[in-house]
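**Q** My structure is below; once you've seen it, I'll send some questions.
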Amino acid sequence: MEYDCIVIGAGVGGLIAGLKLSQENKRILLLEAQPVPGGFATTFKRNGFIFESALHCVDALGPDGEIREFLKEHNIDKTLDFSELNDFARIIYPGHDFVVNFKEEDLIDYFKKTFPDESKNIDRLFHAMGRFLEQFDRYRESNLPSWLEFILLIFFCPSLIGISMLTAQQFIEKYTKDKKLIAIFTDIWRFIGLPPSRLSALYFLIVLRGYYCEPTAYIKGGFSELFAAIVSKIRENGSEVRFNARVDKIITHKGKRVKSVITAKGEEFYTKAIISNANAIDSLTNLVDNDKIKADYLRKLAALEKSISAFQVYLGLKVPAKSLGMSHQILSINTTYNHDENYNYCFSQDYDNCSLEIVDHSQIDSSLVPQGKGSLLIMIFDLYAHWKDLTQEEYKLRKQEVADKLIERAEKYLPGLSKNIEVIEAATPLTMQRFGLSPEGAIYGFTQTVKQSGINRLSQKTAVGGLFLTGAWTRPGHGVHGCFVSGTEAADLALDYLKKAAAYRVK
């Protein structure tokens with residue numbers, strides 16, 4: 001049997017692509033190596049506690065958000081129960097403590113009251129940000145051919161072009177030099193994985209709007225409920241989804257166009273097109289059967305910088321975390337206003353000073369924990385290199401030491417935390433590599449530097465006809481929203497390819 005399209009990987013990008021194609025009456029086979037969908041964004045259970053493995057929250061999921069509208073369009077929203085969020089996070093610095101509540105006007109007001117001498121500069125900064133986002137939306141919503149779109153971009157979206165060549169810090173410093181204001185304004189850098197001095201202003205501003213200025217929501221029962229609903233809809237549309245089915249090879253017709261995939265079990269499935277949600281490095285330098293193409297991509301991808309990894313501690317608590325002082329669902333803690341230092345703490349394994357992100361999913365959804373109890377996720381950035389050469393015993397001891405240190409730090413803000421821990425689980429960069437099948441445990445794909453962001457990012461098109469990429473490693477980038485966009489665009493590319501291939505066969 002030949003499929004119209006095979007999707008490799010049931011991460012967010014793969015699921016969205018599979019859903020869109022199946023809704024277009026294409027026969028799809030989605031193959032996932034793990035026993036559950038979601039990739040990094042899945043959930044897991046321990047002693048009655050349900051933990052989100054990585055997600056903090058998802059932008060564009062609130063009322064009228066892009067993802068929410070997509071779910072409505074595909075009649076999936078009715079199968080889900082949404083919890084609308086009141087605010088995004090409580091953010092703490094040595095001299096500042098405030099809450100981001102999704103309202104841009106409140107954010108501006110906070111900055112003006114806190115930095116009164118910078119009032120005019122703050123207005124200029126937000127005006128420039130608004131102008132950029134307006135032009136970005138105009139660019140995304142245009143239906144022009146890509147070659148014409150790029151030419152018109154110069155005339156109709158000059159801010160978009162200018163900002164795409166700047167780092168986040170370079171953009172902000174055009175309007176203010178106040179280091180503390182800059183630090184607080186760029187606190188969201190941890191959701192992208194690079195300090196402002198290296199981070200693409202383009203991706204930074206898109207993410208900042210999504211989390212700081214637009215209402216969002218959580219899905220009751222955990223985000224695995226969303227992924228399960230998408231899988232059900234794909235099957236309802238007459239297509240197939242198989243788990244524990246790792247793809248080992250992508251077979252081509254003499255390297256020119258896709259022919260089939262071969263799984264680890266030796267099964268071969270024939271197809272007209274393939275969308276790979278596996279990481280781009282494996283997809284292009286390992287899975288593809290053409291040695292020349294693999295060598296060419298190996299040279300190209302070796303020059304690209306992979307993102308940082310993470311260390312995470314999952315805690316099941318005897319009491320709700322709110323009773324310990326967790327006043328909001330996300331708590332961002334910083335020991336310095338210098339984000340280069342915050343980033344470098346991860347490289348030097350300075351677990352006493354690196355930034356902490358603490359998330360209380362059970363505060364949003366009490367069904368995730370046994371009645372009267374709570375849970376927390378504590379996250380920091382870390383490096384694969386710190387863990388890869390440890391012996392099994394060294395690894396076990398080191399993991400416990402780091403977990404204990406992070407709990408000790410969190411307890412300064414949440415008194416009584418340690419004595420109320422019932423379940424504890426920790427994940428290292430090796431865990432990220434093993435379960436996410438991500439090289440060196442990179443949690444954000446390739447870094448979002450200026451040279452690796454926007455149109456400079458790895459294309460979803462490949463040198464093999466009918467092979468397309470989706471997910472964090474390609475355009476536009478990581479995160480559920482980024483991978484959602486990637487999945488829809490990969491599906492569109494595959495649909496266009498299938499349409500042209502069918503027309504060619506008719507001729």
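**Q** Tally the residues that are surrounded by fewer than 16 Cβ atoms within 10 Å (Cβ to Cβ) and farther than 20 Å from Leu498 by Cβ, restricting the search to region 256-285.
**A** Qualifying residue count for the region: 5.
**Q** Report, ordered by the first and then the second residue, all pairs with beta carbons closer than 6 Å, sequence separation of six or more or different chains, a first member in region 267-295 that is farther than 17 Å from Ala494 by Cβ, and a second member that is part of a loop (DSSP other than H, G, I, E, B).
**A** Within 6 Å, the pairs are Asn279/Ser438; Asn279/Trp473; Asn290/Gly255; Ile293/Gly255; Ile293/Ala463.
**Q** Same structure, new question: Restricting region 52-75 to residues that are aliphatic (A, V, I, L, M) and on the phi < 0 side of the Ramachandran plot, which is surrounded by the most Cβ atoms within 10 Å (Cβ to Cβ)?
**A** Among those that are aliphatic (A, V, I, L, M) and on the phi < 0 side of the Ramachandran plot, it is Leu61.
**Q** May I ask you to list the residues in region 322-336 that are in a strand (DSSP E or B) and closer than 16 Å to Phe51 by Cβ?
**A** Ile330
**Q** When the residues of region 391-400 are narrowed to those that are of a type outside the set (Lys, Arg) and under 28 Å from the mean Cα position of the chain (by Cα), which ends up surrounded by the fewest Cβ atoms within 10 Å (Cβ to Cβ)?
**A** Gln400
**Q** With a cut-off of at least 3 residues that are of a type outside the set (S, T, N, Q) and assigned by TED's automatic domain parsing to the domain that holds Ile330, name the helices (runs of 4 or more DSSP H) lying wholly within region 351-470.
**A** The qualifying helices (runs of 4 or more DSSP H) are 392-411, 429-436.
**Q** If we keep just the residues of region 76-123 that are of a type outside the set (S, T, N, Q) and closer than 30 Å to Ile234 by Cα, which is surrounded by the fewest Cβ atoms within 10 Å (Cβ to Cβ)?
**A** Filtering region 76-123 for residues that are of a type outside the set (S, T, N, Q) and closer than 30 Å to Ile234 by Cα, the one surrounded by the fewest Cβ atoms within 10 Å (Cβ to Cβ) comes out as Lys78.
**Q** Tally the residues that are within 16 Å of Glu357 (Cα to Cα) and either touching a helix residue (DSSP H, G or I) at 6+ places or on another chain (Cβ under 9 Å) or among the acidic types (Asp, Glu) (or both), restricting the search to region 68-95.
**A** 5
**Q** Something else about it: Out of Gly374, Gly454, Gly441, I need the residue that is at pLDDT below 95 and either polar (S, T, N, Q) or buried (at least 18 other Cβ atoms within 10 Å of the Cβ) (or both). Which one?
**A** Exactly one residue qualifies, and that residue is Gly454.
**Q** Taking the stated definitions as given, is Gly238 under 16 Å from the mean Cα position of the chain (by Cα) and either assigned to a loop (DSSP other than H, G, I, E, B) or without any contact (Cβ under 8 Å) to a residue 40 or more places away in the chain (or both)?
**A** Against the criterion (under 16 Å from the mean Cα position of the chain (by Cα) and either assigned to a loop (DSSP other than H, G, I, E, B) or without any contact (Cβ under 8 Å) to a residue 40 or more places away in the chain (or both)), Gly238 does not qualify.
**Q** OK, next. Is there any pair with a first residue in region 86-114 that is in contact (Cβ under 8 Å) with a residue 24 or more places away in the chain and a second that is surrounded by 18 or more Cβ atoms within 10 Å (Cβ to Cβ) and of a type in the set (Lys, Arg) whose Cβ atoms are under 7 Å apart and which are 6 or more apart or on different chains, and what are they?
**A** Val99/Arg90
**Q** For residues that are assigned to a helix (DSSP H, G or I) and of a type in the set (Lys, Arg), scanning just region 180-223, find the one that is surrounded by the most Cβ atoms within 10 Å (Cβ to Cβ).
**A** Arg190
The values are calculated or read from the model by the stated rules, or taken from the named source; none is laboratory data. Every value quoted in this text rests on a predicted model; they were computed, and no experiment measured them. Cβ: placed from backbone, ideal geometry, glycine included. Neighbour counts: every protein chain shown.
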